[in-house]
Amino acid sequence: MPATYSFVSRWRVPASPERAWAELERMLRPGAGPRWWPALALPMPPRRIVAGERMVLAVRSPLGYSLRVLLELRDVEPGRAIGASSEGDLRGSGLVTVDADGDAASVITFHWDVETRLAWMSATGWMLRPVFERAHAYVMRRGETGLRAALGGR
């Protein structure tokens, strides 16, 4: 039976929502150059950031395993939010929002509700849930650190 997870991560970054959104969008473009999120790869980036577009996201865990998901963009509010459904190693849905936080900062919120589809993760989820949750938190912290550096803040 699949294990279910609900993850919410909030990043406060030193940039306007427009600038933060532009950097998130840049990272998703084909041939985007250096990626500031070391655990993420896009074997199949989206052609455009619009509803109905698909992309493949690969995540390298600090524990040595990798996850691959096919994301289909569902709701796109340019400059503000992207909602997606996922299939593959994790099935579910996610929402990324960008909001102003004062004059020169933004809060980016990632909310994912997923269930595991890999047999070994589903079978061990009852025991390894805290380990998987910490691995997720680590991947997200590395992403926040990378984005802050890309935006010129620490």
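The values are calculated or read from the model by the stated rules, or taken from the named source; none is laboratory data. Owing to the predicted nature of the structure, the values given are computational and were not obtained by experimental measurement. Glycine gets a Cβ as well: all are built from the backbone with ideal geometry, and neighbour counts include every protein chain shown. Each accessible area value is taken on the protein alone, full model and side chains, heavy atoms only, with ligands, DNA and RNA left out. Shrake-Rupley method; radii C 1.70, N 1.55, O 1.52, S 1.80 Å.
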Subject >> strands (runs of 3 or more DSSP E) completely within segment 33-77 that count 1 or more residues being more than 21 Å from VAL98 (Cα to Cα) and polar (S, T, N, Q) >> reply: 66-77
Subject >> Residue selected from segment 26-58 under the condition open to solvent by 30 Å² or more (accessible area, probe 1.4 Å) and in contact with an Asp or Glu (Cβ under 9 Å, 6 or more places away or on another chain), by the criterion nearest to SER122 (Cα to Cα) >> reply: ARG54
Original post:
Before we move on, is GLU23 assigned to a helix (DSSP H, G or I), open to solvent by 20 Å² or more (accessible area, probe 1.4 Å), acidic (Asp, Glu) and touching a helix residue (DSSP H, G or I) at 6+ places or on another chain (Cβ under 9 Å)?
Top reply: yes
Subject >> All strands (runs of 3 or more DSSP E) inside segment 78-154 with 1 or more residues being basic (Lys, Arg) >> reply: 90-100
Original post:
Can you name the residue in segment 1-15 that is more than 15 Å from GLU144 (Cα to Cα) and outside any strand (DSSP E or B) and is also least open to solvent (accessible area, probe 1.4 Å) among such residues?
Top reply: ALA3
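Restricting to segment 126-135, and then to whatever is touching a residue at least 24 places away in the same chain (Cβ under 8 Å) and surrounded by fewer than 18 Cβ atoms within 10 Å (Cβ to Cβ), can you tell me which residue is nearest to SER6 (Cα to Cα)?
Among them, the one singled out is GLU133.
Okay, residues lined up against (1) open to solvent by 50 Å² or more (accessible area, probe 1.4 Å); (2) modelled with pLDDT under 95; (3) under 21 Å from PRO2 (Cβ atoms); (4) among the β-branched types (Val, Ile, Thr):
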position	(1), (2), (3), (4)
GLU77	yes, no, no, no
SER85	no, no, yes, no
ARG91	yes, no, yes, no
THR97	no, no, no, yes
ALA119	yes, no, yes, no
LEU151	no, yes, no, no
Original post:
If you go through segment 99-112 one residue at a time, how many are surrounded by fewer than 16 Cβ atoms within 10 Å (Cβ to Cβ) and within 12 Å of the chain's Cα centre (by Cα)?
Top reply: 2
